[in-house]
1. Counting only Cα atoms, I'd like the Rg/Rh figure for segment 245-400, Kirkwood definition for Rh.
2. Highest first, please rank the peptides 110-118, 286-294, 125-133 by the mean number of other Cβ atoms sitting within 10 Å of their residues.
3. Once you place label points 7 Å from the Cα toward the Cβ at VAL59 and THR311, how far apart are they in nm?
4. Enumerate the calculated ³J(HN,Hα) couplings along segment 74-85 in order (Karplus 6.51 cos²θ - 1.76 cosθ + 1.60, θ = phi - 60°), each rounded to whole Hz, writing x wherever the residue is Gly or Pro.
5. For segment 257-350, with all protein chains present and a 1.4 Å probe, just round the carbon and sulfur fraction of the accessible area to a whole percent.
6. Please grab the % of Cα pairs in segment 22-181 that end up more than 18 Å from each other.
7. Multiply the residue separation of ALA174 and ASN287 by 0.36 nm, subtract the distance between their alpha-carbon atoms, and state the gained length in nm to one decimal.
8. Subtracting the Cα-Cα distance from 0.36 nm times the residue separation, let me have the gained length for LEU85 to MET381 in nm, one decimal.
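The values are calculated or read from the model by the stated rules, or taken from the named source; none is laboratory data. What you see is a predicted model, and the numbers here were worked out from it, not measured in a lab. As a convention, Cβ positions derive from the backbone with ideal geometry for all residues, glycine included, and neighbour counts pool all protein chains shown. These area figures cover heavy atoms from the full protein model, side chains too; ligands, DNA and RNA do not enter into them. Shrake-Rupley method; radii C 1.70, N 1.55, O 1.52, S 1.80 Å.
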Amino acid sequence: MTGKLRGGGPATKWRTFTGLPGGLKALIGLSFVVAFGSYMVTPFIGVLMVKAVGLDIRVAGVLVAVATFIQFGGSILGGTVVKRLGLKRTMVLALTLRTVGLVLLGLAVTAPWVAYPAVVLVAAGPALYLPANKAYIVTSVSDALRPLFLGVSSAALNAGMGLGPLLAALLIDADPVLLLIGLAAFFALVTVAHQAALKPVGPRPGTTPARNRDERGTGIRTALRGALRPVLFTALAFYLYFFFQSFIGLYASAVSNIQVLGWVMLLNCVMMVLLQPLLADHIARANYRLLLVGSFALMALGMGVMALGSTPALLAGTALFSLGEIFLFLRCDLELVDRVPDNPALAFGVQRMTAGIGGLLAGVVGGFVFAHYEAVGDLGMFWLVVAAQCAAAALLALLLGGRRPAAPERPLLASAVSR
């Protein structure tokens with residue numbers, strides 16, 4: 001594997017990918033498989049709780065909220081678990097938890113009380129898996145290749161997230177128990193594939209492990225203090241994203257038809273899959289302040305167009321919003337990893353925790369704002385309020401974006417090292 005790309009074309013990127021170690025290539029493929037299987041159940045948890053298990057809709061809502069909090073907020077524990085178990089074992093543990101959770105979810109149809117531990121286990125799986133997954137990638141490639149392969153990983157995850165719900169929507173009404181047990185068997189196979197295909201990786205060359213617990217704690221606290229600015233903008237990015245994610249379906253069904261939602265989500269997914277890997281090097285090299293300002297401005301423009309309400313406006317607004325999302329989320333990942341270089345699992349755990357906080361705030365604020373404008377019959381104003389918040393984020397980025405500090409010199413070549 002080469003230490004850096006000699007050219008930026010798709011053919012060069014493909015040759016770089018084919019030259020990777022087999023375990024890393026397998027993980028990128030498995031990332032798609034895991035996201036595909038996960039999103040055959042995650043978007044439908046609430047529906048399953050009410051229609052298949054028979055829970056009261058209010059209880060189901062609380063369960064979904066708890067699951068969302070665990071799935072994102074629980075990722076902050078990923079760094080601690082990785083320190084104890086290693087990256088590969090953490091991923092295997094996470095997939096095992098999700099497999100058991102799916103089995104219990106299938107049993108909950110006849111024993112509703114089982115739904116409570118089932119939902120916790122189903123949510124705990126990705127809380128541990130995703131930080132370890134991304135940390136495995138950045139530990140196994142050079143700094144020069146990091147943007148490309150984080151982009152490729154994100155593309156694989158987004159492809160799975162886009163396709164999984166399409167298949168699940170066809171199967172869930174037929175026999176939800178069969179779907180859940182089938183998915184449990186599917187995840188059991190995926191767990192075995194991770195165990196067989198991945199090699200344990202050690203610290204990257206050039207990193208210096210702390211000698212004792214006090215030094216480790218001090219190093220982590222210092223690193224996180226240095227990461228406060230990218231943490232802030234990551235939280236803002238997810239806060240704004242979840243307005244789109246959570247309310248586009250309600251808006252589309254009110255102003256157009258629910259079928260438009262499928263096209264909107266497909267467009268968002270396709271843009272992420274195709275453009276983020278291709279633009280990864282440019283995103284990594286771009287001026288941090290200008291990239292933040294431009295990304296939030298694109299999101300604001302997209303929300304403003306969406307307020308027009310027609311199907312073409314929904315698609316055009318989604319395209320603009322997605323373009324800002326492509327730039328913003330990859331750069332947020334890179335900034336956090338740069339500031340916590342010796343513990344990427346912690347960096348990605350912090351990233352997902354901020355996503356959970358942003359999603360929670362967007363759900364609370366957005367629920368009240370959406371209900372208000374629905375009551376007065378002017379839903380387009382909802383997106384103008386979101387657009388104003390995106391514009392405010394762009395202004396904040398202009399004021400606080402600053403410049404990225406110079407990264408310490410590290411070897412260009414990083415390879416998987418067996419423990």
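1. On the way: Rg = 16.3 Å, Rh = 16.5 Å.
Radius of gyration relative to Kirkwood radius: 0.99.
2. On the way: 110-118: 15.4, 286-294: 18.1, 125-133: 26.8.
Highest to lowest by the protection proxy: 125-133, 286-294, 110-118.
3. 4.1
4. Working through the residues one at a time gives x, 5, 5, 7, x, x, 5, 5, 4, 4, 8, 9 Hz.
5. So the carbon and sulfur contribution to the accessible surface is 76 percent.
6. Of all Cα-Cα pairs in segment 22-181, 60 percent lie more than 18 Å apart.
7. 35.6 nm
8. 101.6 nm
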